[in-house]
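The values are calculated or read from the model by the stated rules, or taken from the named source; none is laboratory data. All figures in this text were calculated on a predicted structure; none of them were measured in a lab. Neighbour counts are summed over all protein chains in view; Cβ atoms, including those assigned to glycine, are modelled from backbone coordinates with ideal geometry.
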């Protein structure tokens, strides 16, 4: 989940950085708007690194609010902020669901190996009843099915 959230924040940083020329040239907001968006883009990149740590998801929520508020500088960013807010929520929900399913599958596989009595990987023991390479699996001296 955390990797997915970090990716969302990085994509947001790119979009915010691309809004800087729009703020300066198209909307005529000036240098202050450019600096505000540049700082926000930098915070988003830093947030992508922090999101994996405890409390990082809360930092991500604060950044989502700031991106939505950047619509005050560039009106189109308000719409994009709401879209990214939706992407953030979807990443939280499905990322957590994916993590939960992966943990369940890992636990099931470990239980299955334990129940089957399978040797641990790399211990060099062969399974009971296995045929070693080069042998036919027949017991020496036992009559064969051919007669």
What single numbered condition from (1) surrounded by fewer than 10 Cβ atoms within 10 Å (Cβ to Cβ); (2) modelled with pLDDT of 55 or more; (3) not in a helix (DSSP H, G or I) fails to hold for residue 118?
(1)
Filter result for residue 56 (free of Cβ contacts under 8 Å to residues at least 60 places away in the same chain, touching a helix residue (DSSP H, G or I) at 6+ places or on another chain (Cβ under 6 Å) and under 24 Å from residue 24 (Cβ atoms)):
no
Looking at the range 76-113 only, could you name the residues that are modelled with pLDDT of 90 or more and under 30 Å from residue 26 (Cα atoms)?
77, 78, 79, 80, 81, 82, 83, 84, 85, 86, 87, 88
Looking at residue 84, is it surrounded by 18 or more Cβ atoms within 10 Å (Cβ to Cβ) and in a helix (DSSP H, G or I)?
yes
